[in-house]
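Undergrad: Quick one: the structure is below, questions incoming.
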Amino acid sequence: MSIGVLLGGCGYYDGTDVHEAVFTLFAIEAAGERAILVAPDIAQERTVDHLSGDEVPDARNVLRESARLARRPIRALQEVRHDELEALFIPGGYGPVVNFSTAFARPGEPRAVRQEVAVFLRHFLEAGKPIGCVSLGEIPLRTVLGDSCIRRGSPPSRAWRT
């Protein structure tokens, strides 16, 4: 099975949480499945100095930052065909929340997920393909698909055995 892992940069405060990404990849491979890493090729919404916690003016790209976690090929979300993936997993961190959003970190503006990410997520729901999330990785999913699509845990018949 080919499982897409949707990354939102690198680093808990402005990208994908490193621990969540690594443990996700470990679990997928321990289950004998194949992880395909993907990230949108877009500008990062904000950049945070992880030592001080302060925002900094550096401009970064989500795909390039996500490649720091990969240690393997990573693909631009825009180049991945929907039929290549049988499931999707979204590790958390603030990257999926902020970088996949059009206005999440801007007070007073409605929350919406970037079009290319929303189309990607809707494909999995409409095709009946499973989507897994850790922590803040569920925020873009909830924004696009609504709370009714979220179920905590999984039935024993579908749980991975590692």
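Since every read-out is calculated from the coordinates, none of them should be taken as a lab result. Because the structure is predicted, anything quoted here is derived from the model rather than measured. All Cβ positions, glycine included, derive from the backbone under ideal geometry; neighbour counts span all protein chains shown.
Undergrad: Quick one: which residues, 5+ away or cross-chain, put their amide H under 5 Å from the amide H of Val113? H built at 1.01 Å from N.
TA: For Val113, the qualifying residues are Thr102.
Undergrad: Kindly state, to the nearest 0.05, the FRET efficiency for Glu109 paired with Lys129, given R0 = 30 Å and r defined as their beta-carbon distance. Could the numbers behind the result be given before it?
TA: Numbers: r = 31 Å, r/R0 = 1.03.
FRET efficiency, Glu109 to Lys129: 0.45.
Undergrad: What list of ³J(HN,Hα) couplings, whole Hz, do you get for the stretch 136-143 from phi and the Karplus terms 6.51, -1.76, 1.60, once you set θ to phi - 60° and write x for glycine and proline?
TA: Coupling constants for the stretch 136-143: 5, x, 7, 4, x, 5, 4, 5 Hz.
Undergrad: Once Rh is set to the Kirkwood radius over Cα pairs, what Stokes-Einstein translational diffusion coefficient, in µm²/s, holds for the stretch 47-99 at a temperature of 4 °C and a viscosity of 1.567 mPa s? Kindly include the intermediate steps, with their values, before the conclusion.
TA: Details: Rh = 13.4 Å.
It comes out at roughly 97 µm²/s.
Undergrad: I've got another one for you. Quickly work out the Ala27-to-Val119 label distance, labels modelled 7 Å from Cα along the C-beta direction, and quote it in nm with one decimal.
TA: 3.0
Undergrad: Can you give me the Rg/Rh ratio for the stretch 1-84, using Cα atoms for both radii and the Kirkwood formula for Rh?
TA: Details: Rg = 13.4 Å, Rh = 13.3 Å.
On the Cα set of the stretch 1-84, Rg over Rh gives 1.01.
Undergrad: If the viscosity is 1.567 mPa s and the temperature 4 °C, what translational diffusion coefficient in µm²/s does Stokes-Einstein give for the stretch 2-149 when Rh comes from Kirkwood over Cα pairs?
TA: Details: Rh = 15.1 Å.
For the chosen part, D equals 86 µm²/s.
Undergrad: I've got another one for you. Say each of Glu86 and Asp41 gets a label point 7 Å from the Cα, pointing the same way as Cα to Cβ; how far apart are those two points in nm?
TA: 2.8
Undergrad: For the stretch 15-25, just list the computed ³J(HN,Hα) in residue order, Karplus coefficients 6.51, -1.76 and 1.60, θ = phi - 60°, integers in Hz, with x standing in for Gly and Pro.
TA: Listing the rounded values in order: x, 7, 5, 4, 4, 5, 5, 5, 5, 4, 4 Hz.
Undergrad: Non-local amide H neighbours of Thr47 (under 5 Å, H modeled in plane, Pro and chain starts lacking H): which ones?
TA: Placed amide hydrogens put Val56 under 5 Å from Thr47.
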